1. How many angstrom lie between the C-alpha centres of segment B:49-116 and segment A:49-116?
2. Have a look at A:86, A:101, A:46 and tell me which one the Gaussian network model of chain A (Cα, springs below 10 Å) gives the largest fluctuation.
3. Once you compute Rg and the Kirkwood Rh from C-alpha atoms, what is the Rg to Rh ratio for chain A?
4. Can you tell me the mean projection area, over all orientations, of the convex hull of the protein assembly as shown's alpha carbons? Units nm², please.
5. Please build a GNM for chain B, connecting alpha carbons under 10 Å apart, and tell me which residue among B:68, B:33, B:47 fluctuates the most.
6. Under the Kirkwood approximation applied to all pairs of distinct alpha-carbon atoms, what is the hydrodynamic radius of segment A:24-78 in Å?
7. Quick check on the exposure proxy: order A:85, A:105 from fewest to most C-beta atoms within 10 angstrom.
8. Which one, A:72, A:84, A:32, has the greatest fluctuation when you compute a Gaussian network model over chain A with C-alpha springs under 10 angstrom?
């Protein structure tokens with residue numbers, strides 16, 4: 001087994017069009033021998049966001065910390081907070097936004113390991 | 001997309017040999033259209049534990065709350081606390097124990113949806 005604290009995992013700034021103030025960690029993934037799925041963690045700074053995009057695989061999300069919204073494919077904003085789970089379906093357009101003025105928004109984002 | 005707070009998800013007592021004081025929730029799974037993976041949540045009462053067992057699929061864990069140990073296949077105890085991730089490999093014997101005297105231990109446990 002592998003055990004790791006999120007604080008011990010390298011954090012990389014996400015450089016992608018449409019991203020603002022987001023950082024990525026990969027606590028459990030293919031390099032650890034994960035057979036099927038990878039768990040990433042994204043930290044979005046106050047006022048930041050992930051890209052408004054879609055892709056042919058799903059997201060399995062859990063909000064660890066903070067408050068924000070998920071924008072759905074119609075542009076509607078759904079509030080999310082610590083303790084919430086979200087499933088974004090394959091090819092469904094989506095975006096996470098941190099709506100807090102001063103707190104980070106942090107979530108787990110599970111994907112098939114091929115897309116980690 | 002589906003969004004749900006863990007507090008809104010039905011909690012069922014785990015009835016299985018070797019389990020003590022554990023409750024299961026299924027916030028995201030096959031009935032939600034999860035394509036590959038399911039995310040369950042287990043809440044283990046103070047002094048409780050999951051079974052010491054193995055199965056042919058992995059666990060992808062994240063500790064939401066509390067403190068405990070994972071027992072590995074050799075019987076060694078590895079401490080885990082909120083913010084820790086763990087990967088239990090297929091066929092690896094394991095057990096979660098809540099080592100706290102008065103607090104719950106709560107974790108996400110991801111598995112392939114066939115085994116949710």
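Readers should treat all values here as calculations from the given coordinates under stated rules, not as data from a laboratory. If you're wondering where the values come from, they're calculated on a predicted model, not measured in any experiment. Quick reminder, even Gly has a Cβ in these numbers, built from the backbone with ideal geometry, and neighbours come from all protein chains shown.
1. If we compute the Cα centre of each part, the gap is 25 Å.
2. A:101
3. On the way: Rg = 13.6 Å, Rh = 14.3 Å.
Rg divided by Rh gives 0.95.
4. Numbers: hull surface 48.8 nm².
Averaging across all directions leaves 12.2 nm² for the Cα convex hull.
5. In the Gaussian network model the winner is B:33.
6. Details: mean 1/r = 0.0747 Å⁻¹.
Hydrodynamic radius (Kirkwood, Cα only) of segment A:24-78 equals 13.4 Å.
7. Ascending Cβ contact count within 10 Å gives the list A:85, A:105.
8. A:32
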